[in-house]
Each structure stands twice: as C-alpha cells, then as structure tokens.
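Student: Got a structure for you, questions after.
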Amino acid sequence: MSSQPKAQTSLLSIEGLSVEFADGKGRSVKAVRDVSLEVKAGEMLAVVGESGSGKTALAMSIVRLLPNAGRVTSGAIRFDGADLLTADAASLRSVRGKRIGVVFQDPMSSLNPYLNVGRQITEVTELHLGLSRREAREHAIEMLDLVGISEPSKRIDQYPHEFSGGMRQRVMIAIAVSCKPDLVIADEPTTALDSTIQAQVLDLLDGLRKRFGMTVLLISHDLALVSGRADRVAVMYGGRIFEEANSREIFSRSANPYTRALLSAMPENTAAGEELFQIPGMPPDLRVEIEACEFAPRCERAEGVCGTARPPFAAVADQHFSRCHFAEDVYSRG
Ligand SMILES: Nc1ncnc2c1ncn2[C@@H]1O[C@H](COP(=O)(O)OP(=O)(O)O)[C@@H](O)[C@H]1O
Ligand code: SF4
Ligand SMILES: [Mg+2]
C-alpha cells in the first residue's frame, strides 16, 4: 500500500461496489455495478441519476440497510479507514446515527408516528452521546431551533402528523445531525416537497454542513437541485457512474452525452415557450448485463462501437472522469 499522503483525505471510500436484488422470479437485478467513489472530508458530493439508476441501493449499502432481497456482491466501503461491509453489529450501531446520519426521502415512513418528535431525537443522543434525559431534552430543543422549527420547546412534545411535510423533513434533519455526525447521507431529502420548500431544506442542510464541518452525500434525481450546492457531482446510469467531476465542469463542460441529456432536460435550460426536452426511451433492464454502453439505445451521439464495447471510465481532465467512447470529443465541444 502506498504511504503517499493524499491531497485531501477521503472520509468515505467506495471501491468496486456491486449490489444485487433478487427479483422474486429467480433472477437478480444488478442495481449497482462496480461503483467506486471517494467522498472527501467536508465536501458535498451529489449522486444524480434517473429513478431506478441504483442511487438508493448505493446509499443503503453504505449504512448496511439494504432490504432483505438485496446484497452486496463485491467491493469495499471504508469510512474513516474502517471497513463498513465487514463491521460487526456493535461497531455498525456505533457508526450509524452517531458518525453517519441518514435523511430519507419520506419522513412519514422513517419517523415513528407514535413517538413525539422530541423523543425521536433524545433516543439517539441518550444512546450515542450518553446524555441524561434532561440534557437530551434541552439538546433536542436546541436542535429543533437550529433546523428552523419555531417554538421548539412547545413543538418538541408534538407528533409527526402535527408537522407539515417540510417541517417533518426538518425534524428528520435534526435527528440525523443531533450527534454532529461526520457524514450525512441525504437520499432525495426533498423530493416530496414543493420547490420553494425544497430549496429551503437543502440550504438548511448545507448551512449545517458548513457550521459543523460535516460531509454530505446528497442523492437526487434532480440535477437542478444540486446545482450551486454540491462541490462535486457523480452521475449514475444503469447502476454505473457515467461521469464524475466538480460541479462547475459538470454544468458547464460535461464530457458525457447522458449528463448532457440530463442538463438539456432541466427546465432552467429550456427557453420560454419551448417544450421541455425528455430523454427518449427507457432506462436499461438491470437484470441483464451487456458488453456495450448501457445508454446506447437512448444516446444521440451513439455509433457502432457503443453497441459492442463497454466504454471505460476515463479521465478527460484533472479530477474529471467520463464513461463514454467519445468523452474527449464531447468534452472538447465545451
Ligand atoms: N427491494 C428490492 N427488491 C427488488 N429490486 C429492487 C429493490 N429495491 C430496488 N430494486 C431495484 O434496484 C434498482 C435500483 O433501485 P434504486 O437503488 O432504488 O434506484 P434509485 O434510488 O436510483 O431510484 C431498480 O431497478 C429497482 O427495481
Ligand atoms: S459510449 Fe456511445 S452510447 Fe455511450 S454515452 Fe458515449 S456516445 Fe453515447
Ligand atoms: Mg432512490
């Protein structure tokens, strides 16, 4: 192993991760395919891709919360040097909730409807920080205040159904950051909310990241939402990373036709009166594995080679990688 110091330390390192689901009919869905990602301490990395591209499977593997039908078939996941895939139950419990906080898409299914929101925060801090009941309650009031819930000392005793969708998501964030974790994984944290509230909740998450020096892995199907927030973006398609670069390059000089198609489909990039561009066709069938580019049937740049050889994930510039046979050419278009 190299003893060379790294330019910026990776907090989370995913190497060659593959995840499969049993589809119940004797076949397996290869949801994550040989994914490698480095998440650096303090950054916000966004993983973006259409629905079904394997984003949630990737996120859930990190915290070992895959549903029963799913399993990691290969790869390694290291968090601050420790291997999460081989960690025993006790060390996993001490990482999850304490050092890694998770915010899911739907707070209604992840919050307990029978516990007041205060208890849902104090449970975590009593367990992980060893706070007394009283200390935990005071801390929970502070957390609710911090995430923008007014009259926190009153609302702490209320139940999830007494909060609006946006406020429930703020409560989820309060729980996720209550132990000041090193890493927050937010999987489509705002998808169920209207766009103004979406922006507010993401600004909150970003503000907390800066305030606590946290690292954020933000997962979204919406490129527009991560624009201006994420430091780096990884674009996923059919279980693979198709492009990875800093945000500026992704938005202004993408080297991948799939990313470019996603960019064209952004309402922000559609002129007034013009019809919104939709990527034609359907995402690939994840039950099959092909020696080709998975995007070929939908790609306007595709040529013969795209249907016969899988493109490599290669660098087009410093820290900018693309999976496309014509990456250099696409990149040079500016
Ligand atoms: N519990 C499950 N059982 C079977 N297949 C699943 C399960 N969860 C996800 N999948 C499949 O894995 C693929 C990736 O899903 P997912 O990771 O949820 O994608 P995303 O989060 O990008 O929308 C999809 O094809 C989906 O059908
Ligand atoms: S390899 Fe071919 S099909 Fe795949 S993204 Fe590039 S041009 Fe399109
Ligand atoms: Mg998902």
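What follows draws every value from the coordinates through simple rules; no lab data is involved. Keep in mind the model is a prediction, meaning the values are calculated, not measured. Positions of Cβ are backbone-derived with ideal geometry, glycine not excepted, and every protein chain shown enters the neighbour counts.
Student: Strictly over 31 Å apart at the Cα level, which of K25/K55; K154/K180; K25/K98; K30/K210 would you flag in this model?
Tutor: K25/K98; K30/K210
Student: For the chain, what is the Kirkwood estimate of the hydrodynamic radius, computed as the reciprocal of the mean inverse distance between distinct Cα atoms, to one decimal in Å?
Tutor: Averaging 1/r across every pair of different Cα atoms and inverting gives 21.0 Å.
Student: While we're on this one: Rounded, prolate or oblate: which fits segment 1-143 when a ≥ b ≥ c are the square roots of the eigenvalues of the alpha-carbon gyration tensor, with rounded for a/c under 1.5 and prolate only if a/b beats b/c?
Tutor: oblate
Student: Please list, in chain and number order, the residues 5+ apart from V184 or on another chain whose amide H is under 5 Å from its amide H, with Hs placed from the backbone.
Tutor: Excluding prolines and chain starts, which carry no amide H, the hits are G101, T215, V216, L217.
Student: Let a ≥ b ≥ c be the square roots of the eigenvalues of the Cα gyration tensor of segment 246-334; is it rounded (a/c under 1.5), or, if not, prolate (a/b larger than b/c) or oblate? Walk me through the numbers on the way to the answer.
Tutor: On the way: a/c = 2.10, a/b = 1.19, b/c = 1.77.
Verdict is oblate for segment 246-334.
Student: Which value, in debye to the nearest 20, describes the size of the charge dipole of segment 27-114 about its Cα centre when Lys and Arg Cβ atoms bear +1, Asp and Glu Cβ atoms bear -1, and nothing else is charged?
Tutor: 220 debye
Student: Ranked from highest to lowest mean number of other Cβ atoms within 10 Å per residue, what is the order of the peptides 220-227, 176-183?
Tutor: 176-183, 220-227
Student: Among F104, F212, F79, determine the one that fluctuates most according to a GNM of the chain built with springs between C-alpha atoms less than 10 Å apart.
Tutor: Looking only at F104, F212, F79, the largest GNM fluctuation is found for F212.
Student: Follow-up question, since we're still on this one. Quick one: dipole size for segment 154-282, taken about the Cα centre, charges +1 on Lys/Arg Cβ and -1 on Asp/Glu Cβ, in debye to the nearest 20.
Tutor: Value, rounded to 20: 500 debye.
Student: Now for a different question. Quick one: grab the alpha carbon gyration tensor of segment 109-207, order the square roots of its eigenvalues as a ≥ b ≥ c, and give me rounded if a/c is under 1.5, else prolate or oblate depending on whether a/b is larger than b/c.
Tutor: Prolate, because a/c is 1.5 or more and a/b exceeds b/c.
Student: What residue among S254, L193, V63 has its Cα farthest toward the positive end of the dipole of the chain, where the charges are +1 on Lys, Arg and -1 on Asp, Glu, each on the Cβ?
Tutor: Of S254, L193, V63, it is V63.
Student: Further question: Could you pull out every residue, at least 5 positions away or on a different chain, whose amide H is within less than 5 Å of the one on M236? Hs are placed 1.01 Å off N in the peptide plane, and Pro or chain starts have none.
Tutor: Close amide H contacts, sequence-distant or interchain: V48, G49, F242.
Student: Also: Rounded to the nearest 5, what % of DSSP beta bridges with both residues in the chain are antiparallel?
Tutor: 60 percent
Student: Next question. Starting from a Cα-only point model with no solvent, please compute log10 I(q)/I(0) by Debye for segment 271-310 at q = 0.22, 0.24, 0.26 1/Å.
Tutor: Each listed q maps to, in turn, -0.74, -0.82, -0.90.
Student: Fully extended, how many nm does the chain gain between E151 and D23 (0.36 nm per residue separation, minus their Cα-Cα distance)?
Tutor: On the way: separation 128, 0.36 × 128 = 46.08 nm, distance 4.69 nm.
Going from the current span to full extension adds 41.4 nm.
Student: Mean separation of Cα pairs under 8 Å and 6+ residues apart, divided by the residue count of the chain: what relative contact order is that in percent?
Tutor: 19 percent
Student: Give the angle, between 0 and 90 degrees and rounded to the nearest 10, that separates the Cα long axis of helix 165-177 from the longest principal axis of the Cα atoms of the chain.
Tutor: Here the helix axis deviates by roughly 80 degrees.
Student: Here's a follow-up. Name the long-range amide H neighbours of R33: under 5 Å, sequence gap of 5 or more, or other chain; modelled H, no Pro or chain starts.
Tutor: V19, R240
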